[in-house]
Amino acid sequence: MDDDLFEDEHEDVPSQKPLKNLEVLSFLFAQWMRRPIMFGAIVVFSLLTTFIDITIPIAAGHLIDVLNKGEASESPWPAYAVFIGLAIALHASRQAMVRNEIPFSSANMADMTSEAFAKVQKFSLDWHANTFAGSVVRKITRGMWAYDTITATFWFSLLPSILVMFGLGIYMALNWVWVGVYGLSVIAFFMVANLVLAQYYIRPQNLRANAKDSELGGALADAMTGIATVKSFGSEAREHTRFYNLAWDWRAEAKKNWTRFVNTWLLQNACVVALQAGLVGFLILLWQKGNASAGDVVFAITAFMLMSGYMRRFGEEVQNVQRSLDEIQDIAAYNQTPEQIKDKPKAPKFKPVSGRIEFKNVDFGYEGQETLLYEGFNLSIEPGEKVALVGPTGSGKSTFVKLVQRLYDINNGHVEIDGQDVRDVTQASLRRHIALVPQDPVLFHRSIEENIAYGRPKADHKAIVEAAERARAHDFIMNLPKGYKTLVGERGVKLSGGERQRVAIARAILSNAPILIFDEATSSLDNETERQVQEAMAEVTQGKTAIIIAHRLSTIRDADRILVFDQGRIVEQGTHDELTGREDGLYARLAALANS
Ligand SMILES: Nc1ncnc2c1ncn2[C@@H]1O[C@H](COP(=O)(O)OP(=O)(O)OP(=O)(O)O)[C@@H](O)[C@H]1O
Ligand SMILES: [Mg+2]
């Protein structure tokens, strides 16, 4: 498939270099250390389990030796009891380890995922605008499950296999120096080779496959979000082909990935055979010379079987750990990414006074725009003033609102509200004092009641109904199947555009913020409803600062001041009457068009 074809679908957030293995490991370690006592217990039980595991072949060897000497010399039952006792201890210890891991890992997963959510939530609107929501979802869920795999693998498999392999190797070396040295060398080579391959052969392909996997998630969510558009153009087949191509893109990378896994097994198999041939061969030689008993040979074979089992496990587990590290690396990277719009350290909360808004010499341009949208922009809105913003589409009206809320940071100058620079106070406290009815209100798939109370979650039902009545939403809400308890569908799709707007207006009214902003808030309402809602807006904006953005001039006739925007500048300002009086003015032209 042609890569360029889907170039535009890639996330265009400044692509971050993947973190190093060590950085991901240290993130993982921090997760483990969330519950240090439980973590300690897992490590201890893991070591204990492994220790018992190693002693079993020794006990087996001992039992065989006792049997070999014949019944007369020594009773075999004590050796038998040790052998079986160890097996029971092994299972008890393993149970303790796993039972401890269940509450430990499930709690860490819940914490880690919630923290990732909180972190991503803090990223700027710009970051989100440039990122597929579906990819983020995929990365976080993938990382959550990777944590589970990696923790179990690391402590239940990887660590034991390292200890067993070295433990047995060392035990052998103590008995037969060269047998031990040989075994240890094969194992050391085997481990180093595996780690190197994991890092340089497996990892890059893992990352490529994961990137495709995230892309798949992004594409899936994007297509589902736009399903109404897809259906209205009857383009299901086209979307299917598009997704199919992406899925096969992923398939190509995943196939390579898995093939690399199997390729590395070849090396592992070679090492296992080398160990088998060497160990058993050495012991047979020693036995021929009379330097080893039959029990020693049995020990060597049991030890080899144990070691080869652990080697195979080690090989697979190194790959699993590497894969999981690569899967968790996105969450680790989120964790390291600084917030794009950040509260200053110890920033105080915003203290509302009277609702004065001032822009002083503001320069601002969106990332990627060639020229600044605002240059040396100055404006002062008095407390309690009702200001209307009008102007052609794309002239920067909604941007003005975003800057008041500090959804973007300006390049130069100051935006001040009640004398406080928006950068000096916490973002959340600032935004809580500004009620916004956005251009395209998005509701949550929760009840209407919760949606209205979003800005004041503790509001009682009476206050909610009152706000809805003022926003002229009460009647249609009462006609819904479950009234205020009706769920509105994802993003509010079960409501009409005008209904959604009125819910958003009710939400703003209820929030009781000193600054109210209506961005095309009534654009979807019929004339009669709009008039009613405007009356309500006039009531609720009493004594508050209000910014009203509208294309329909009827909406703004009564504003104290009308600002006419053009290409990020205020080209005219005054009351409706003053502005219509200017023959050649932009506003007068717009008004004339509206009347014609
Ligand atoms: N997130 C963004 N990234 C880059 N450019 C943007 C972004 N948001 C808006 N713009 C651009 O900034 C300009 C001003 O947009 P803005 O939304 O402020 O216009 P507006 O006056 O509200 O228009 P409308 O009346 O259509 O709502 C437009 O040219 C728009 O394309
Ligand atoms: Mg706009």
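The values are calculated or read from the model by the stated rules, or taken from the named source; none is laboratory data. This structure is a prediction, so every number in the text was calculated from the model and none was measured. Every residue, glycine as well, gets a Cβ built from its backbone with ideal geometry; the counts of neighbours run over all protein chains shown. Side chains included, ligands, DNA and RNA excluded: accessible areas come from the protein's heavy atoms. Shrake-Rupley method; radii C 1.70, N 1.55, O 1.52, S 1.80 Å.
Where does region 90-230 land on Rg(C-alpha)/(2.2 N^0.38 Å)? Normalised by 2.2 N^0.38 Å, the Cα Rg of region 90-230 equals 1.54. The slack in the chain from Asp440 to His551, taken as 0.36 nm per residue of separation less the alpha-carbon distance, amounts to 38.5 nm.
Fully extending the segment from Glu535 to His128, taken as 0.36 nm per residue of separation minus the present Cα-Cα distance, adds 142.9 nm. Computed over every Cα-Cα pair of the chain and binned at 10 Å starting from 0, the pair-distance distribution P(r) comes out as 3, 13, 17, 18, 15, 11, 8, 7, 5, 3, 1, 0, 0 percent. The reciprocal of the average 1/r between distinct C-alpha atoms defines the Kirkwood hydrodynamic radius, which for region 200-275 equals 14.6 Å.
Site pair Thr225 and Val493 shows an inter-label distance of 1.3 nm when each label is modelled 7 Å from Cα along Cα→Cβ. Each Lys or Arg adds one and each Asp or Glu subtracts one; over the other residues with Cβ under 12 Å from the Cβ of Arg251, this totals 0. Working from the Cα coordinates of region 235-319, the gyration tensor eigenvalues give, after taking √(5λ), semi-axes of 51, 10, 6 Å in decreasing order.
Given R0 = 60 Å, the distance between the Cβ atoms of Lys485 and Ala247 translates into a calculated FRET efficiency of 0.90.
For region 533-559 and region 33-110, what is the separation of their Cα centres, given in Å? The two parts, judged by their Cα centres, are 76 Å apart. When Lys and Arg each count +1 and Asp and Glu each count -1, what net charge do the other residues less than 14 Å away from Gln199, Cβ to Cβ, add up to? That works out to +2.
Within the accessible area of the chain, the carbon and sulfur atoms contribute 59%, probe 1.4 Å, all protein chains present. Compared with the direct C-alpha span, the chain from Trp77 to Arg582 gains 170.6 nm at full extension, assuming 0.36 nm per residue.
At what distance in angstrom do the alpha carbon centres of region 448-503 and region 241-256 lie from each other? If we compute the Cα centre of each part, the gap is 43 Å.
For the pairs Lys122/Lys494; Lys122/Lys256; Lys346/Lys485, note any where the Cα-Cα span goes beyond 31 Å. Among Lys122/Lys494; Lys122/Lys256; Lys346/Lys485, the Cα-Cα distance tops 31 Å for Lys122/Lys256; Lys346/Lys485.
Longest stretch of the chain clear of exposed loop sites (chymotrypsin sites (Phe, Trp or Tyr not before Pro), DSSP loop, at most 16 other Cβ atoms within 10 Å, sites excluded): 1-232. Accessible surface area normalised per residue over region 108-194 is 42 Å², counting heavy atoms of protein chains with a 1.4 Å rolling probe. Considered as an equivalent ellipsoid built on the Cα gyration tensor, region 77-164 has semi-axes of 44, 12, 8 Å, the largest given first. Have a look at Val540, Gln567, Leu579 and report the one farthest towards the positive end of the charge dipole of the chain, computed about the Cα centre with Cβ charges (Lys/Arg +1, Asp/Glu -1). About the Cα centre, the residue reaching furthest to the positive side is Val540. As a calculated quantity, the FRET efficiency between Lys344 and Val43 at R0 = 30 Å, using C-beta atoms, amounts to about 0.15. With only Cα atoms counted, region 9-336 has Rg and Dmax values of 25.4, 92 Å. Once Rg and the Kirkwood radius are both taken over the C-alpha atoms of region 357-595, their ratio Rg/Rh works out to 0.98.
Membrane-span-like helices in the chain (whole DSSP H runs, Cα extent of at least 15 Å along the helix axis, mean Kyte-Doolittle hydropathy of at least -0.5): 21-32, 36-68, 77-122, 133-153, 159-175, 177-197, 236-288, 294-336, 497-511.
Under 5 Å between amide hydrogens, built in the peptide plane, is the criterion, and for Phe518 it picks out Val437, Ile547, Ile548, Ile549 among residues at least 5 positions away or on other chains. Computed over region 325-400, the quotient of the alpha carbon radius of gyration and 2.2 N^0.38 Å is 1.63. In the context of the full protein assembly, Ile477 retains an accessible surface of approximately 0 Å², using a probe radius of 1.4 Å and ignoring ligands and nucleic acids. Taking a sphere under 14 Å around the Cβ of Phe282 and counting the other residues whose Cβ falls inside, with K and R at +1 and D and E at -1, yields a net charge of 0.
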